[in-house]
Amino acid sequence: MEDLIFALDIGTRSVVGIVCENSDNILKVKEIKTYFHKQRSMIDGQIEDIKEVSRVVGMVKNELEKSLNVKLGKVCIAAAGRALKTERILLEKQTDSRVPVSNDFIKAMETEALQLAQDVFSKGSDDRDLFYCVGYSVLGYSLDSRTMSKIEGHRGSSVSVEIIAAFLPHTVIEGLYSCIDNNGLEVDNLTLEPIAAMDLII
């Protein structure tokens, strides 16, 4: 069922699975299942024992499928932010003041800023540490040095975007993906636990 959203919280003490239905942009909770770890298979939000955590994830998934009589194929997950590192980047581009700023230009600019953040972060980190970029947020735009919340459609001679990019150790991400793969699931969305908590509160 395409309207169903399956999310997993793979936590230090337990694994919580929730299935919601998206009805006219309103999320309605259909079912929640929780199983506690029987041993210390996770420490500070990071998976230590992939086999054991995969088993608990499978129990949650199977119980949800049984209760709702559905087959769950995609899942949304959140990664713990304890080992999170960030890089803040400001990128400015010259533009043709006769042409309105397009959405494609904005996206290309954000992508370039993200690549720059990746390059700066890589140069400043230990070569032995492999980090993955797990997302970014736009802090703000400006048009001709004037701060604006939306620049699409405006005209100006210079546009800038400031982003903050988030990076996590590869072991955190790969451990999560291994548990998901072991249960025949596909990651539909990956976010950070602090961002997920913040969005929920707001």
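If N189 satisfies every condition in (1) under 30 Å from L64 (Cα atoms); (2) surrounded by fewer than 16 Cβ atoms within 10 Å (Cβ to Cβ); (3) modelled with pLDDT of 85 or more; (4) out of contact with any strand residue (DSSP E or B) (no Cβ under 6 Å at 6 or more places or on another chain) but one, which is the exception?
Tallying (1) under 30 Å from L64 (Cα atoms); (2) surrounded by fewer than 16 Cβ atoms within 10 Å (Cβ to Cβ); (3) modelled with pLDDT of 85 or more; (4) out of contact with any strand residue (DSSP E or B) (no Cβ under 6 Å at 6 or more places or on another chain), N189 fails exactly one: (4).
Which condition number in (1) touching a strand residue (DSSP E or B) at 6+ places or on another chain (Cβ under 8 Å); (2) surrounded by fewer than 19 Cβ atoms within 10 Å (Cβ to Cβ); (3) in a loop (DSSP other than H, G, I, E, B) is the one that R98 fails?
So the condition that R98 fails would be (1).
Considering only the stretch 131-163, how many residues are open to solvent by 60 Å² or more (accessible area, probe 1.4 Å) and touching a Pro at 6+ places or on another chain (Cβ under 7 Å)?
2
With respect to the numbered conditions (1) buried (at least 18 other Cβ atoms within 10 Å of the Cβ); (2) more than 22 Å from the chain's Cα centre (by Cα); (3) of a type in the set (K, R), which one is the sole condition not fulfilled by K38?
K38 satisfies every listed condition except (1).
Only residues that are in a strand (DSSP E or B) and either out of contact with any strand residue (DSSP E or B) (no Cβ under 7 Å at 6 or more places or on another chain) or on the phi > 0 side of the Ramachandran plot (or both): list them for the stretch 141-170, please.
R146
Scan the stretch 6-27 for residues that are closer than 22 Å to R82 by Cα, assigned to a strand (DSSP E or B) and of a type in the set (S, T, Y) and jot them down.
Matches in the stretch 6-27: S14 only.
Considering only residues that are hydroxyl-bearing (S, T, Y) and more than 20 Å from the chain's Cα centre (by Cα), look in the stretch 8-35 and name the one that is surrounded by the fewest Cβ atoms within 10 Å (Cβ to Cβ).
My answer is S23.
Just checking, how many residues over the stretch 41-57 are open to solvent by less than 50 Å² (accessible area, probe 1.4 Å), farther than 19 Å from S67 by Cβ and either touching a helix residue (DSSP H, G or I) at 6+ places or on another chain (Cβ under 6 Å) or at pLDDT below 85 (or both)?
Going through the stretch 41-57 one residue at a time, the tally reaches 6.
The values are calculated or read from the model by the stated rules, or taken from the named source; none is laboratory data. Values in this document were obtained by computation on a predicted structure and should not be read as measured data. Using ideal geometry, Cβ is built from the backbone for each residue, glycine included, and neighbour counts are taken over all protein chains shown. Note: accessible area is taken over every heavy atom of the protein model, side chains too, but ligands, DNA and RNA are not part of it. Shrake-Rupley method; radii C 1.70, N 1.55, O 1.52, S 1.80 Å.
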